[in-house]
Amino acid sequence: MADRDQPRIVGTPFRRVDGVAKVTGRTRFADDLAFPRMVHLKLVRSHVPHANIKEIDTSAAERIDGVIHFVRGEDMPNTFGILPVSQDEHALAFEKVRFVGDAVLGVVALTEDAAEEATRAVKVDYEELDTIGSVEEALVTSTDKIHEYGDEGNIHKKVSMEFGDVESGFDDADLVLEDTIFYEGNTHLAMEQHAAVAVPEGDGKITVWSATQTPHYVHRALAKVLELPAAHIRVIACPNGGGFGGKSDPFNHEIVAAKAALQIGRPVKICLTREEVFYCHRGRHPVTMHVKTGFKKDGAIVSQHLKTALDGGAFGSYGVASTYYTGALQTVTYKVPRYRFDGLRAFTNKPPCGPKRGHGTPQPRFALEVHLDKAAHALGMDPADIRLNHLQPKNSVTANWLKIGSMGLEECLQKVIDGSGWRQRYGKLPEGHGLGIACSSYLCGAGLPIYWNHMPHTGVQIKLDRSGGVAVFCGEIEIGQGSDSVLAACVAEVLGIDLKDIRLCVGDTDLTPVDLGSYSSRVTLMMGNAALQAAERAKELIAEAVAERLQVPAGQLVFAERRVFDASDPERGMTFSEAVATAESKFGTLGTTGSYTPPRSPGRFRGAGVGPSPAYSYSACVIEVCVDRETGCYTVPKVWIAHDVGRSINPALVMGQVEGSIYKGLGEAMMAESALRRLPKKRSNALVHKFPSMLEYKSPTFLDMPEIVTYLVEDPDPNGPFGAKEVGQGPLLPVMPAVCNAIFDAVGVRIDQVPAHPQMILQALDDKARGGPGRYGPKRFPDVSWGEPLRVPTPDEGGDGKAINAEQVGVRGGTMKEDPEGVKS
Amino acid sequence: MIPAEFDYAAPATLDEAIGLLQEHGDEAKILTGGHSLVPLMKLRLARPGMVVDLRKIDQLSAIEMDNGSLRIGAAATHDAIQHSDLVSGHCAMLCECAGEIGDLQVRNAGTIGGSVVHADPAADWPAGLLAADASMVLVGPGGERTVAASDFFVGLMESAIGEGEILTAVSIPAQSAQGGAYLKMAQQASGFALCGVAALVQVEGGNVTSAKVGITGVANTPYRAAAVEAAVSGGLEAAAGHAADGVTPLDDIHASSAYRSHLAAVFTRRALETAAARAGGSA
């Protein structure tokens, strides 16, 4: 049918479907909800970083007016966690606490104030244990283990894999370059703090509204911890006031609210304070990296060895996936024929790290792009050319077995090179002014689900009736990224109706088909494909009925302008609602479904599950900086960025995501950091946030935003709906390295870590003035014995995607087995 | 992030306000802009039982000349001061100082009195007021008294204001300087000064012959950089090197003490140079 080639909505900057409600305050976020007889929950949180709990004394708290109930950890003995291999959290700690902020008790009161006051009156007696504050400490501390599971000691996960003979590659190289680089942790800083309301139903069931990006996983965690059949629990994800990965885990406050509601038979609400959000965290892992690369004279990479060490914090969260992600996507931008990756994640007594925009990939991308910049200078090449001349080809398979489809990076690079005047300006700007270039790539959803199953990753259901209205049901969650608009646009496009004719019902585990959640940049591609399938099926039904009524071949019918008509005689037709009524008469009640499962990836080795995606987006970025040599202060006056989005469903939203990524990326490059400090031993030795509030945590404001020139590159991907790929995460990644590369062009020093503070630039300048290399960054990578890597021959070597030494390497002890009984059906 | 319960009063006269302070004693806190008090209340670090809002007392926001001195009412907003022709004509450096505070929203609501009394070691006003030899007008149950800026900022978050006293105005004497400047490096999240330097200079034959320099953000109290002032006739760069003489620079999560000392020297030199370049116009 012809209209898919000439879309009327897709590709236009239409107004987002949730926009008016958002700007007029009518969107109901979780914190906006209230129910009759509702009471309030607060959590008592540990102020010590690592301790056994000896006693919890609630006697003073009980006397506070309005306090009605306490929820205790012993009542919820089952553990939970986002990954089946890291079910290491209790809803409330009852044996030991593992970080400052770990929740130990729930307090329920008639008012939020009373609950808050009561949390301060609860006395917890702790027997303190040694604290582990860094990867280095975790590597040498075997007593006082934070968890009883893990690969060894306090190492949560250790992976090592080699694709091709990396050492022989170094022997063939003309230049071997090594760098040690650090990326500080940082947090999501969504405007909305987490909130949830649990409402017990009359029949023993329960409904939980929550600001979550992943209602499906919250659903599973609730079933496991509450020991209820999942079918008796309904989770409704409210639109999120920003997520960025920070609402992707099931959280203890959601579970405790539900438990309290069941215990007392009243609706229970909890809203976290900003400080609590800083401690719940799940933000960017601090990662120390070592990268060693062999180059040919022309800049071609012959071999690369990347090592990463992640400071994981106190719980597993997504950490196993995060660890693999620090090594997975290094190969998808430039040709890396031989590649070794060693990564580890340590448990420390800090707020747990998890996924943040770019999940595990911005850190190694920063390392790689800074490293490439240095290589270009060492080889006497233009940093743009070392990238441009060695791109990974489209429709190829990388050394680590990732299948690349469309690949628009060359065009992205050309756009920013031309736009920024790179060829005329790089290396030639006045002292203190500089340009930096970097590229990146990101997934359009993970190829495999978080827990092993063969079911679709997303589903869409469409209900049509004689009113002409079309109701679309999907488990996706609007987190501000525009997924509601994508869903409505895909369906409206196919059925030839207006966006306003669509009613969405999303993120409701009772009513909507499962969608795994708004993370991993998966929604547009996966949900979009499911929506197209459901809409095409609806269109087929309608077309069949209308064809019969009009005596026109179904293939000749056009769905457009809210009508269904004969392409050769547009007058001959009917309104869309008449068409639906015609179909309803013929077939009975109308409904269709669509679903999507990603294609199988070619990797067949342990760890091959992280990295594959139906498609990869690409970005290239040039950033200009002005550096004040005397103070080290610098500004970013202008950014040029090009993003290969495959095809824009809505270019206005795509531009918004790209510019939002610049905002976030500049924050990470210049100022944002979830740094912790250890209080003096006499003051509890606790590891506390340096910046646990927005009065102190630094993030750019509107005033700090530079001029941004955005280019959208559209190289449609056959796996994307209408050819669309992701845009929510990829464009963030080149920003940080481009800033540091620009600082080098401006003042000739290397800042090998982010955020790059003015003080670091000054120190590097001092270092250079004293005859040093002019560098600020980590001195060394921790000593780790990696053992025998999993050896996987590359496609070029004629490999079949399997490891050749899987048996010798075996499976390390560090993963938990998912208890199939844990989740009742 | 929700303050504890409190009562609120917005008296129409100064006498009424003083009466409320006497009545409520330790329980009372004065609000004029709220940028310091409200965050403390939201974090529950401050739990006043009574908040006395002075913004309804008209005379407190007046900016006027008084016997050759400029009198800025304590409840005058930063923005009003930044854009006041009177202030600009009397000591333009103070307009620049006002304009460096926070952002537009902060300057629209925040007041000079609120800032000064809070005595935050990184606030902008103290640097400007110290350099301009300002004095603070305090009214209490015992009547009115005046305290020089150099005696007013006595410690970290601690001023010379007494129990039950209200700062009603800041008084700035006639200036003999020919040029002035306020330059700062702001902490990016809060906008407070990691280092802020106010300079007023007299120039003869193109050379700075005398200077008054106030520095904020560097030590635990804002200070007059006496060593800089003493050395200024010997060249600005060398003089600026003494910017942190005699103080212990703060060392905290936002900047190390070494970096603050360095910034103090750099910004002092720049402020002196800028002030000198402006000499000839209004200081």
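The values are calculated or read from the model by the stated rules, or taken from the named source; none is laboratory data. Source: prediction; values computed, not measured. Here the Cβ is made from the backbone with ideal geometry for all residues, glycine too, and neighbour counts use every protein chain on show. Just so you know, the surface numbers come from the protein's heavy atoms only, side chains and all, with ligands and any DNA or RNA stripped out. Shrake-Rupley method; radii C 1.70, N 1.55, O 1.52, S 1.80 Å.
Longer than 31 Å from Cα to Cα, which of A:145/A:356; A:690/B:56; A:145/A:307; A:158/A:403 are they? Say none if no pair is. All intermediate terms of the calculation are to be shown ahead of the outcome.
Details: A:145/A:356 26 Å; A:690/B:56 38 Å; A:145/A:307 24 Å; A:158/A:403 25 Å.
Exceeds cut-off: A:690/B:56.
What three numbers, in Å, describe the spread of the alpha carbons of region B:1-101 along their principal axes, ordered from the longest?
44, 31, 17
Calculate, in nm to one decimal, what residue B:157 and residue B:237 gain on full extension: separation in residues at 0.36 nm each, minus their alpha carbon distance.
Taking residue B:157 through residue B:237 to full extension adds about 25.7 nm, to one decimal.
Given 0.36 nm per residue, what is the gain on full extension from residue A:35 to residue A:389 after removing their alpha carbon distance, in nm?
Between residue A:35 and residue A:389, full extension yields an extra 121.3 nm.
Which aspartates and glutamates, if any, have their Cα less than 15 Å from the Cα of residue A:374, not counting same-chain residues under 8 positions apart?
A:174, A:178, A:179, A:298, A:382, A:385, A:745, A:752
What is the local net charge at residue A:192, summed over the other residues whose Cβ is closer than 9 Å to its Cβ (Lys, Arg +1; Asp, Glu -1)? Don't jump to the answer; show the numbers that get you there.
Details: positive: A:247; negative: A:31.
Combined, the nearby Lys, Arg, Asp and Glu give 0.
In a shell of Cβ-Cβ distance under 10 Å around residue A:792, excluding residue A:792 itself, what net charge do Lys and Arg (+1) and Asp and Glu (-1) give?
Overall, the nearby charge balance is +1.
Take the alpha carbon atoms of region A:536-607, find their radius of gyration, then divide it by 2.2 N^0.38 Å using N residues; give the quotient.
Rounded to two decimals, the normalised Rg is 1.58.
For region A:6-97, just say rounded, prolate or oblate: build the C-alpha gyration tensor, square-root its eigenvalues into a ≥ b ≥ c, call rounded for a/c under 1.5, and beyond that prolate if a/b exceeds b/c, oblate if not.
oblate
Cα to Cα, under 14 Å, and not fewer than 8 places away if on the same chain: which aspartates and glutamates meet these conditions relative to residue A:682?
Once the sequence-local aspartates and glutamates are set aside, what remains near residue A:682 is A:128, A:130.
Which aspartates and glutamates have a Cα lying under 17 Å from the Cα of residue A:22, excluding residues fewer than 8 positions away in the same chain?
A:31, A:32, A:192, A:478, A:484
How far is it, in nm, from the label point at residue A:69 to the one at residue B:26 when both lie 7 Å from their Cα along the line to the Cβ?
It works out to 3.9 nm between the two label points.
Find the relative contact order for region A:455-596 and round it to a whole percent, using C-alpha pairs within less than 8 Å whose residues are 6+ positions apart.
Result for region A:455-596 is 35 percent.
Along the Cα-to-C-beta direction of residue A:263, a point sits 7 Å from the Cα; which residues of region A:218-248 have their amide N less than 14 Å from that point?
Flagged as within label range: A:226.
Just from its helices, what would the mean residue ellipticity at 222 nm be for the protein assembly as shown, if runs of 4 or more DSSP H residues each count -39500 (n - 2.57) and the sum is divided by every residue, rounded to the nearest 500 deg cm²/dmol?
Calculated at 222 nm, the ellipticity per residue is -8000 deg cm²/dmol.
With a 1.4 Å probe on protein heavy atoms only, tell me which residues of region A:684-726 lose at least 50 Å² of accessible surface in the complex relative to the chain by itself.
Those are A:695, A:698, which lose 50 Å² or more relative to the chain on its own.
Could you compute the FRET efficiency for residue B:220 and residue A:177, with r as their C-beta to C-beta distance and R0 at 56 Å, rounded to 0.05?
So, using R0 = 56 Å, E works out to roughly 0.75.
Need one number: the % of Cα-Cα pairs in region B:58-172 sitting beyond the 18 Å mark.
44 percent
Over the protein assembly as shown, what percent of the accessible surface lies on carbon and sulfur atoms, probe 1.4 Å? Please report the intermediate quantities before stating the final value.
Details: 19840 of 40480 Å².
So the carbon and sulfur contribution to the accessible surface is 49 percent.
If you add up the charges near residue A:302, with Lys and Arg at +1 and Asp and Glu at -1, over every other residue whose beta carbon is less than 15 angstrom from its beta carbon, what do you get?
Counting the neighbours of residue A:302, the net charge comes to -4.
Mean Kyte-Doolittle of at least -1.0 and a Cα length of 24 Å or more along the axis: which whole DSSP H helices of chain B meet both?
Result, helices passing both filters: B:257-278.
If a/c stays under 1.5 just call it rounded; otherwise compare a/b with b/c (prolate if a/b is bigger, oblate if not). Do that for chain A, with a ≥ b ≥ c from the square roots of the Cα gyration tensor eigenvalues. Please list the in-between numbers first.
Details: a/c = 1.64, a/b = 1.08, b/c = 1.52.
Cα axes put chain A in the oblate bin.
Once you put a point 7 Å from the Cα of residue B:258 and another 7 Å from the Cα of residue B:56, both along the Cβ direction, what distance in nm separates them?
5.5 nm
How fast does region B:7-53 diffuse by Stokes-Einstein, in µm²/s, taking the Kirkwood radius from C-alpha pairs at 10 °C and 1.306 mPa s?
The calculation lands on 147 µm²/s.
Over all Cα pairs of chain B, how is the pair count split among 10 Å bins, expressed in % and running from 0 up to the last occupied bin?
Once binned at 10 Å, the Cα pair distances of chain B give 7, 30, 35, 20, 7, 1, 0.
Summed for both chains, how many Å² of accessible area, to the nearest 100, are buried between A and B with a 1.4 Å probe?
Buried area (both sides, nearest 100 Å²): 1900 Å².
Scaled to the compact-protein estimate 2.2 N^0.38 Å, what is the alpha-carbon radius of gyration of region A:455-596, rounded to two decimal places?
1.05
Too long at a 20 Å Cα-Cα cut-off: which of A:205/A:269; A:96/A:350; A:428/A:638; A:247/B:42?
A:247/B:42
Which value, in Å², gives the accessible area per residue of the protein assembly as shown when a 1.4 Å probe is used on the protein heavy atoms?
37 Å²
Once a ≥ b ≥ c are taken as the square roots of the eigenvalues of the Cα gyration tensor of region B:151-283, is the result rounded (a/c under 1.5), prolate (a/b larger than b/c) or oblate (a/b not larger than b/c)?
Oblate, since a/c reaches 1.5 and b/c is not below a/b.
Between residue A:779 and residue A:125, what length in nm is gained on full extension when 0.36 nm per residue of separation is reduced by their alpha carbon distance?
Length gained, residue A:779 through residue A:125: 231.4 nm.
In region A:258-399, how does Rg compare with the Kirkwood Rh, expressed as the Rg/Rh ratio over alpha carbon atoms?
Values: Rg = 20.4 Å, Rh = 17.4 Å.
Checking Rg against Rh, the ratio lands at 1.17.
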